[in-house]
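Let me begin by presenting the structure, written as structure tokens, before commenting on it.
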Amino acid sequence: MKRNLYIIALLTFAATAFTGCSHDYNYDGEYDVPGYFSGSDPRNNLVYFSTNTVDYTNSFVGDLLFSEAEHTFMLQATINRNLTKATKVQVAYAKDAPLLATTYKDYQVATDADFTLTNGGAFEIGTETTQIQIPVTVKNMGKFTKPTVIPVRITPSDEALKSPKSSRDYAYIVIKQEELWTVYAGSSDITVNLEGTNNKYIGEDDVTVWFTVAKAFTGKGKVGLERDNSLFKSDGTTKLAPEGISAVEKQDAEG
């Protein structure tokens with residue numbers, strides 16, 4: 001009887017030991033990689049941008065900026081391992097960002113002089129930190145009149161967060177443009193005639209043109225009218241007027 005109990009106890013111990021060394025089915029074995037949190041993906045870096053694209057619409061009224069002249073974007077970085085001591089990461093301009101050659105190949109690329117980073121881009125990560133917010137302040141927004149991208153990269157400052165891959169260590173701030181103004185004539189029908197010599201208007205030739213925006217314009221600038229012959233499309237019978245706009249002064253847009 002004692003012999004049988006001993007064998008059963010031995011088998012039970014062996015089974016327990018085997019179970020303790022077996023795979024943890026709470027996460028995919030593909031991601032069971034030393035250094036990473038359980039369940040995290042080693043195809044990401046140990047520190048990486050979890051939000052690697054930030055979109056922004058720059059509003060204009062003609063060539064006058066309707067949006068704020070300076071804007072701070074928040075990028076979020078994620079840490080994929082437990083740290084035994086505090087460490088730092090460095091965020092910097094990345095002219096070698098891979099998507100510049102593909103997704104953003106037709107975009108204007110901003111320079112490192114177009115934005116600023118807190119503490120020169122150096123950010124400290126504590127032992128209990130799993131995410132950090134990284135503010136990127138873009139200046140002179142009025143210069144971005146074409147689709148523009150600002151590429152940045154995050155890298156560890158020491159071995160604590162060094163990764164074998166570089167799959168998600170880049171982020172892109174994408175700035176696009178939109179027009180917020182409309183122009184319409186204050187008359188539904190404008191009719192003018194030319195006298196026989198075809199070089200002088202007779203009859204009513206004045207019209208009010210309204211320039212409207214969605215809200216009060218806070219910047220400084222002027223708006224006015226100018227002749228643009230490229231807009232004229234003849235139907236075979238109409239002709240382009242020989243005279244242009246005259247006696248039109250530009251108006252202050254502020255307010």
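Tell me whether segment 125-135 contains one or more residues that are charged (D, E, K, R), within 19 Å of residue 105 (Cα to Cα) and surrounded by fewer than 18 Cβ atoms within 10 Å (Cβ to Cβ).
Taking every residue of segment 125-135 in turn, none turns out to be charged (D, E, K, R), within 19 Å of residue 105 (Cα to Cα) and surrounded by fewer than 18 Cβ atoms within 10 Å (Cβ to Cβ).
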Just one listed residue, out of 124, 128, 68, is acidic (Asp, Glu) and closer than 30 Å to residue 250 by Cα, and it is 68
Could you tell me whether any residue of segment 173-192 is farther than 30 Å from residue 100 by Cβ, at pLDDT below 70 and touching a Leu at 6+ places or on another chain (Cβ under 8 Å)?
no
When segment 55-74 is examined, which residues are found to be out of contact with any Ser or Thr (no Cβ under 6 Å at 6 or more places or on another chain) and either of a type in the set (A, V, I, L, M, F, W, C) or farther than 15 Å from residue 173 by Cβ (or both)?
60, 61, 62, 63, 64, 65, 69, 73, 74
Segment 94-134 - residue that is in a loop (DSSP other than H, G, I, E, B) and among the charged types (D, E, K, R) and, of those, nearest to residue 146 (Cα to Cα)
106
Which one is surrounded by the fewest Cβ atoms within 10 Å (Cβ to Cβ), of the residues in segment 65-117 that are under 22 Å from residue 159 (Cα atoms) and among the hydroxyl-bearing types (Ser, Thr, Tyr)?
84
Which residues, taken from segment 85-102, are free of Cβ contacts under 8 Å to residues at least 60 places away in the same chain and polar (S, T, N, Q)?
102
For residue 111, indicate whether it is within 25 Å of residue 41 (Cβ to Cβ) and among the polar types (S, T, N, Q).
no
Going through segment 87-107 one residue at a time, which ones are aliphatic (A, V, I, L, M) and closer than 30 Å to residue 128 by Cβ?
89, 91, 92, 94
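Per-residue answers, yes or no, for (1) modelled with pLDDT of 80 or more; (2) of a type in the set (S, T, N, Q); (3) surrounded by 10 or more Cβ atoms within 10 Å (Cβ to Cβ); (4) not in a loop (DSSP other than H, G, I, E, B):
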site: 237; (1), (2), (3), (4): yes, yes, no, no
site: 242; (1), (2), (3), (4): no, no, yes, no
site: 245; (1), (2), (3), (4): no, no, yes, no
site: 249; (1), (2), (3), (4): no, no, no, no
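The values are calculated or read from the model by the stated rules, or taken from the named source; none is laboratory data. Source: prediction; values computed, not measured. Cβ: placed from backbone, ideal geometry, glycine included. Neighbour counts: every protein chain shown.
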